[in-house]
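**Q** Could you have a look at this structure, given as structure tokens, before my questions?
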Amino acid sequence: MAAPPAALVAKVKKHFIGIPAPLGYVAGVGRGATGFTTRSDIGPARDANDVSDDRHAPPTKKKKKDEEEDDDEDLNDSNYDEFSGYGGSLFSKDPYDKDDEEADMIYEEIDKRMDEKRKEYREKRLKEELEKYRQERPKIQQQFSDLKRGLTMVSEDEWRNIPEVGDARNRKQRNPRAEKFTPLPDTVLSRSLGGESTSSIDSASGLMSQYPHGTVTPGMLTPSGDLDLRKMGQARNTLMNVKLNQVSDSVEGQTVVDPKGYLTDLHSMIPTYGGDINDIKKARLLLKSVRETNPNHPPAWIASARLEEVTGKIQAARNVIMKGCEDNPKSEDLWLEAARLQPPETAKAVIAQAVRHIPTSVRIWIKAADLESETKGKRKVYRKALEHIPNSVRLWKAAIELEDPEDARILLSRAVECCPTSVDLWLALARLETYENARKVLNKARENIPTDRQIWTTAAKLEEANGNINMVEKIIDRAISSLSANGVEINREQWIKEAIEAEKCGSVKTCQALIKAIIGYGIEDEDRKHTWMEDADSCASQLAYECARAIFSHSLAAFPSKKSIWLRAAYFEKNHGTRDSLETLLQKAVAHCPKSEVLWLMGAKSKWLAGDVPAARGILSLAFQANPNSEEIWLAAVKLESENSEFDRARRLLSKARASAPTPRVMMKSAKLEWCLNNLDTALQILEEALVKFPDYAKLWLMKGQIEEQQGDVDRAHETFNSALKKCPSSIPLWIWLARLDERRKMLTKARSVLEKGRLKNPHNPELWLEAIRIEFRAGMRDIANTMMAKALQECPNAGILWSEAIFLEARPQRKTKSVDALKKCEHDVNVLLAVSKLFWSERKLQKCREWFNRTVKIDPDFGDAWAYFYRFEVLHGTEEVQVDIKKRCIAAEPHHGEAWCIVSKNIDNWRLTTENVLMLVAKDLPIPI
């Protein structure tokens, strides 16, 4: 039979063959077929980049390479790499002989050998990674594994009642005998609402059944106007009322639905526990198994009760715990838990039952007392408890706390008989007794407890309180010897703590006796000084000043010629003692260390501050005798006379000093005194004489140039500064003063060259960089100033003065970022901390600003600018009390450094101002940060 022609085949071909099915198409739906979806339709249940799971896959055979690969494809330009050459095989067409086969076998064996070395490690690692990945992203079948296991509990009837899978619409189409319902359209309802007479709802059917003429024709309605939504709403409300009435109780006429308590009931159904309900079921099942396996295990009953309590079933928890108490009547934990779960009145009955079962449980008796609301009932419970447990210290203490002092003393007398080893009871009894009886009580306590130090220290405090000071040291010495004889280890730290406690209680003599007895115990001779100084600092930090004073006294007795100990003791008395105690100590100090100039000067200053100038002169004259030609004492005597307006005496002293001890400082102070008294020619004469002897002392050159500038001879001052820089090229103030002089002479280029030359002579110097930046800023060259600041920070990355200036050179939005960078580089620099404080001030963050100011003055109290800004801030935003406090703290610190501070303090017109006056002047002229 001949094949049909091609044209005929083309005509017979269906038009939909090869065309994709339309969206939502289900094959056979017209004849009642049910659509279904296979895995090939929806794809795998895992991500495309998921790890493949080959654990259940059948083993596959390796595919051979295609031997018909074309050489042209391997040798074309797309397969060529400049570094590695061609990617394909260059010899695929060559014959494959025995040598090639042998070489391939050798290479394959080598590969297998190399692979076996790390095979076990690689497989183990791959397995661990795969398991970890499976745990993080389990399969769907693993997620439903617990539900699959639960299917084993399904009965046969439940299996039969499982509905068929598929669309209900298609199932009805497959079952033609099934009843079909068509929903009533809204048009029918709208037609029925158009009549003149009232319409009602049939309670049986829920449909509108009565019509204008009384005929019931639900299917033959005629349209009578548009749809009335208001009437539809009324009909819906009526239908709802009918359904609610059907639910109501037809016998008594009361509705089953409680409108008030319905929401409350719903709230009670919500468990208070926020966890998974399956976890609760598992925990309940496990605890039940534990209880049934070992009913005499109290923790299982307690855990079960607490589980029910957490889930909101408090009554079930009470039932469980009471059942546990029945099975374990000797467990006090169970009874206490039962009392906690019960309401107060029931808890008393539970505790009473517990007491009958365990009359020797201290915790149950204390719980019984806590349940009593009146003090009388508590006393009764405690006394009943002490009848059963007379040796319980805890019960005695609780009972005594509720009694009056007289009754407490009687109870304590009985308590120490029942509990003779309780130190607290003995000491409490001694406090309530008279002096004589207290001594007897403490003696008895020592007999019963020979190894406790508190009894001895209490006896010492008792003697001190009654005026027997001589007995205090004897008791402490006996204590140490007695405790050592009884094998008690003498711990220095514990005894020092005991001394601190004694001082806080007001027993100063006992404290000193304890320090004296224990301070040298167990310390090597070479470690004594270092250890004692640490102990003194520790006591001072705990505000135990008498203990620290006793340590210093003992140290000075052991090392009378140690200047450092005398100095530390003197500073301690200056900070924490009185003027009399300081002067007494300094008198002893200069007697033992006459060569120490600082001790002499401290004594003279103390007398001077007290207003006793003759006494100060007397101390300095004695200091001259002990230290002839001492520069410090000469200058201290000059300062004393000049501060008290005895200028002639000061001149004579300086003249003698220049004759006997011509040091650069003496020459400088001589010139400064004449400068302050406005004798400029005399000052210049002294400076010229000094520069002949000391040409490399920079301060002399600086004073000479400043005086010449003050006289109006600017050219001579300029020449002086130039000469000074040849002698002292490393003096930064000279470079800065010369640059400022050129700036004042309107020679800006010359000032720049001076500072650049200074930076070449003194590299990595932030002060010179800062002055150069400020000169540009004052000249209006802001861009040049910013550029120089960047270079300066590169050369001096840890310079706080540069960072503090850089913060305020930035625009306001960038200042905070700059301050963070500055704090990273210079965390504890006072200039940066002050700049951050001013930044908070400019942002009106007053509390943070105050905190940072406090931090700044604590880190460096000698930084006067911080005190001045802090005081200015509090004047504007603080209270008067805070201002007075800052002023006192500044006077105590006596600052000497700071740019703004030194401008005022070193001004020759302010040479007699006090620290308080300088603070007021500096703070007055400071600008408010903006």
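The values are calculated or read from the model by the stated rules, or taken from the named source; none is laboratory data. On a predicted model such as this, the values are computed, not experimentally measured, just so you know. Cβ placement follows ideal geometry from the backbone for every residue including glycine, while neighbour counts extend to all protein chains displayed. Just so you know, the surface numbers come from the protein's heavy atoms only, side chains and all, with ligands and any DNA or RNA stripped out. Shrake-Rupley method; radii C 1.70, N 1.55, O 1.52, S 1.80 Å.
Let's see how each residue does on (1) open to solvent by 30 Å² or more (accessible area, probe 1.4 Å); (2) part of a helix (DSSP H, G or I); (3) of a type in the set (Gly, Ala, Ser); (4) modelled with pLDDT under 85:
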position	(1), (2), (3), (4)
295	yes, no, no, no
352	yes, yes, yes, no
370	yes, yes, no, no
382	no, yes, no, yes
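**Q** Right, something else. Residues that are among the polar types (S, T, N, Q) and out of contact with any helix residue (DSSP H, G or I) (no Cβ under 7 Å at 6 or more places or on another chain): which helices (runs of 4 or more DSSP H) entirely in segment 401-491 hold 3 or more of them?
**A** By residue number, 435-448, 469-485.
**Q** Just for helices (runs of 4 or more DSSP H) wholly inside segment 528-633: which have at least 3 residues that are over 39 Å from the mean Cα position of the chain (by Cα) and under 23 Å from residue 498 (Cα atoms)?
**A** 545-558
**Q** Moving on to the next point. Determine which single condition residue 865 fails, assuming it passes every other condition in (1) open to solvent by 30 Å² or more (accessible area, probe 1.4 Å); (2) more than 30 Å from residue 679 (Cα to Cα).
**A** For residue 865, the failing item is (1).
**Q** Residue 734 - would you say it is crowded, with 22+ Cβ neighbours inside 10 Å, closer than 30 Å to residue 630 by Cβ and of a type outside the set (Lys, Arg)?
**A** Details: crowded, with 22+ Cβ neighbours inside 10 Å: yes; closer than 30 Å to residue 630 by Cβ: yes; of a type outside the set (Lys, Arg): yes.
So residue 734 fits the description; yes.
**Q** In the set 771, 756, 709, 689, which member is open to solvent by less than 40 Å² (accessible area, probe 1.4 Å), charged (D, E, K, R) and in a helix (DSSP H, G or I)?
**A** None of the others qualify; the one that does is 771.
**Q** Here is a further query. crowded, with 18+ Cβ neighbours inside 10 Å and free of Cβ contacts under 8 Å to residues at least 60 places away in the same chain, is that true of residue 386?
**A** yes
**Q** Restricting attention to segment 884-929, report how many residues are under 25 Å from residue 638 (Cβ atoms), open to solvent by 30 Å² or more (accessible area, probe 1.4 Å) and part of a loop (DSSP other than H, G, I, E, B).
**A** 8
Residue-by-condition table, conditions (1) open to solvent by 50 Å² or more (accessible area, probe 1.4 Å); (2) under 24 Å from residue 705 (Cα atoms); (3) assigned to a helix (DSSP H, G or I); (4) of a type in the set (A, V, I, L, M):
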| site | (1), (2), (3), (4) |
| --- | --- |
| 645 | yes, no, no, no |
| 657 | no, no, yes, yes |
| 672 | yes, yes, yes, no |
| 678 | yes, yes, no, no |
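**Q** Please identify the pairs in which a residue from segment 906-930 that is touching a residue at least 12 places away in the same chain (Cβ under 8 Å) and among the hydrophobic types (A, V, I, L, M, F, W, C) has its Cβ atom under 8 Å from the Cβ atom of a residue that is open to solvent by less than 70 Å² (accessible area, probe 1.4 Å) and not in a helix (DSSP H, G or I), counting only partners at least 6 apart or on another chain.
**A** Going by the 8 Å Cβ cut-off, the qualifying pairs are 921/913.
**Q** Can you list residue pairs whose Cβ atoms sit under 8 Å apart, with the first residue in segment 134-158 being over 20 Å from residue 282 (Cα atoms) and the second being hydrophobic (A, V, I, L, M, F, W, C)? Count only pairs 6 or more apart in sequence or on different chains.
**A** 139/45; 140/45
**Q** Here's another thing I want to ask about it. Would you call residue 783 open to solvent by 80 Å² or more (accessible area, probe 1.4 Å), farther than 30 Å from residue 651 by Cα and among the charged types (D, E, K, R)?
**A** On the way: open to solvent by 80 Å² or more (accessible area, probe 1.4 Å): yes; farther than 30 Å from residue 651 by Cα: yes; among the charged types (D, E, K, R): yes.
In short, yes.
**Q** Given (1) in contact with a helix residue (DSSP H, G or I) (Cβ under 9 Å, 6 or more places away or on another chain); (2) open to solvent by less than 60 Å² (accessible area, probe 1.4 Å); (3) over 24 Å from residue 294 (Cβ atoms), identify the lone condition not met by residue 343.
**A** Status for residue 343: all satisfied but (1).
**Q** Hey, another quick one. Please verify whether segment 780-803 includes one or more residues that are of a type in the set (Phe, Trp, Tyr) and either in a loop (DSSP other than H, G, I, E, B) or out of contact with any Cys (no Cβ under 8 Å at 6 or more places or on another chain) (or both). Before the answer, list the steps.
**A** Filtering segment 780-803 down to residues of a type in the set (Phe, Trp, Tyr) leaves 803.
After this cut, where a residue has to be either in a loop (DSSP other than H, G, I, E, B) or out of contact with any Cys (no Cβ under 8 Å at 6 or more places or on another chain) (or both) as well, the list is none.
Scanning segment 780-803 turns up no residue that is of a type in the set (Phe, Trp, Tyr) and either in a loop (DSSP other than H, G, I, E, B) or out of contact with any Cys (no Cβ under 8 Å at 6 or more places or on another chain) (or both).
**Q** Name the residue, out of 558, 591, that is surrounded by fewer than 23 Cβ atoms within 10 Å (Cβ to Cβ), in contact (Cβ under 8 Å) with a residue 24 or more places away in the chain and aliphatic (A, V, I, L, M).
**A** Values: 591 fails: in contact (Cβ under 8 Å) with a residue 24 or more places away in the chain.
Only one candidate passes the filter, namely 558.
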